[in-house]
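Since the structure comes first, as structure tokens, the remarks are kept for the end.
None of the figures in this text is laboratory data; all of them are computed from the coordinates on show. Note that the structure is a prediction, hence the values are computed from the model and not measured. Don't worry about glycine lacking a Cβ; one is built from the backbone with ideal geometry, like all the others, and counts go over all protein chains shown.
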Amino acid sequence: MPAIELTHLIKTFGPVRAVDDVSFSVEQGELFGLLGPNGAGKTTAIRCMLDIFKPDSGSVAILGGAMSEAKKDKIGYMPEERGLYQDIPLDRCLAYLGTLKGLSQAEVRQRAEGYLERFDLAAHRHKKVKELSKGMQQKAQIIATLLHQPELLIVDEPFAGLDPVNTQMIKDLLREQRQQGVTLVLCSHQMHLVEELCDRIVLIDHGKVMIYGGLEEVRRRFSGNALIVHADGEIPALPGVERVEPVNGAVKLHLSAGAKPQEVLRALVAKDIPLDRFEIAMPTLDEIFIRVVQSTPQGQSTPKGQGEGGGA
């Protein structure tokens, strides 16, 4: 049973169709990437999931069915627009937000203590939130999202404003939550972190699903006709190779249309070129994101693909 299931979801605001026939599911216990450029419809889709917006048509199932007040206490949501109260001390802010999720003051104090120590905020607990740095406020927002130990966690740009040390801390935290069986939805424009953390992704643009599936399957689907080769020595002219490009200590062989990687490998072996590495060149998620967003006209969608994750 999926933790989240959107089926043919449509939401309009006046003449703008912010979410346009969107379908995807998030399996229980997975770390799922919800991606798209600014204004793509991601936040509207999330607000429909959380019952903040009512869709015009289509359906949303959360934790096995329709949203309820009891289910809301099982969800942690960290919006891109942060929601901490600026004029009260951090410990009071966390206590208040924790009680809104059904925790007692004693439970909040007990659970917050470990997080405050872990995130180097214990010495700042009596400071007003507005007196904290941007990075500290970011970590405090994450603590507030986790205090009630949600079953479903939706985090929007959780790495914004964090230095590399704190970024690693949040990555470790998200992985721990997943290991504990929590379902996570990650929204981020930092594609390298999505690649590192997520199993499956959906990319939305102009309200439509453009890509949906397993991360490795998506990368294979968008791989071009090119190879990465680590060789001991210069690469000679080879049949089927149009261009040789140096890439991070290796070379990228751009193949002509119809050329087969196996044919290039046989040619290298025939020329007695020692090879340390030979593989299909796989695009990064950054490259796929740019290619899809820049090349798809508004109102159209690219094939979403089948296989793992299916089509939307």
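For the chain, averaging the sequence separation of C-alpha pairs within contact (under 8 Å, six or more residues apart) and dividing by the residue count gives a relative contact order of 20 percent.
Mind checking the log10 I(q)/I(0) for the stretch 224-281 at q = 0.19, 0.31 Å⁻¹? Debye, one equal scatterer per Cα, no solvent, two decimals. Taken in order of the listed q values, log10 I(q)/I(0) reads -0.57, -1.68.
Do you know the Lys pair count in the stretch 1-110 for C-alpha distances under 19 Å, with sequence separation 8 or more or different chains?
8
Phi angles of the stretch 19-26 translate, via the Karplus equation with coefficients 6.51, -1.76, 1.60 and θ = phi - 60°, into HN-Hα couplings of 10, 10, 6, 8, 9, 6, 9, 10 Hz per residue; Gly and Pro are given as x.
Which length gain, in nm to one decimal place, applies between Thr12 and Glu242 when the Cα-Cα distance is subtracted from 0.36 nm times their residue separation? Kindly include the intermediate steps, with their values, before the conclusion.
Working: separation 230, 0.36 × 230 = 82.80 nm, distance 4.77 nm.
Going from the current span to full extension adds 78.0 nm.
Of the two radii for the stretch 90-190, the radius of gyration is 0.94 times the Kirkwood radius, both from the alpha carbons; that is the Rg over Rh value. Cross-link partners of Lys260 among lysines, defined as those whose alpha carbon lies under 30 angstrom from its own and excluding same-chain residues fewer than eight positions apart: Lys252, Lys271, Lys304. Here the stretch 162-303 is described by how far its Cα atoms reach on the three principal axes: 53, 40, 26 Å, from widest to narrowest.
Both numbers refer to the Cα atoms of the stretch 84-147; Rg and Dmax are 10.3, 29 Å.
Kirkwood Rh over alpha-carbon pairs of the stretch 9-78, then Stokes-Einstein at 25 °C and 0.890 mPa s: what D in µm² s⁻¹, rounded to an integer?
Numbers: Rh = 13.1 Å.
Taking Rh from Cα pairs, D becomes 188 µm²/s.
Rounded to the nearest whole Hz, the Karplus-based 3J(HN,Hα) values (6.51 cos²θ - 1.76 cosθ + 1.60, θ = phi - 60°) of the stretch 272-286 follow the sequence 6, 8, x, 10, 9, 7, 8, 7, 5, 6, 9, x, 6, 5, 4, with x at glycine and proline.
When +1 charges are put on Lys and Arg Cβ atoms and -1 charges on Asp and Glu Cβ atoms, the dipole computed for the stretch 224-281 relative to its Cα centre reaches about 160 debye. Show which aspartates and glutamates lie in cross-link reach of Lys139 when reach means a straight Cα distance below 15 angstrom and same-chain residues fewer than eight apart are skipped. Within the straight-line cut-off, Lys139 pairs with Glu80, Glu81, Asp91, Glu113, Glu117, Asp120, Glu131, Asp156, Glu157, Asp163, Asp172. Modelled this way, with points 7 Å down the Cα-to-C-beta line, the labels at Asp172 and Arg266 are 5.1 nm from one another.
Hey, any idea what the orientation-averaged projected area of the convex hull of the chain's Cα atoms comes to, in nm²? Provide the component values of the computation, followed by the final result.
Details: hull surface 76.9 nm².
The orientation-averaged projected area of the Cα hull of the chain comes to 19.2 nm².
Between His189 and Glu216, the contour length at 0.36 nm per residue exceeds the alpha carbon distance by 7.9 nm. Compactness of the stretch 1-160 was expressed as the Cα radius of gyration divided by 2.2 N^0.38 Å, which yields 1.13.
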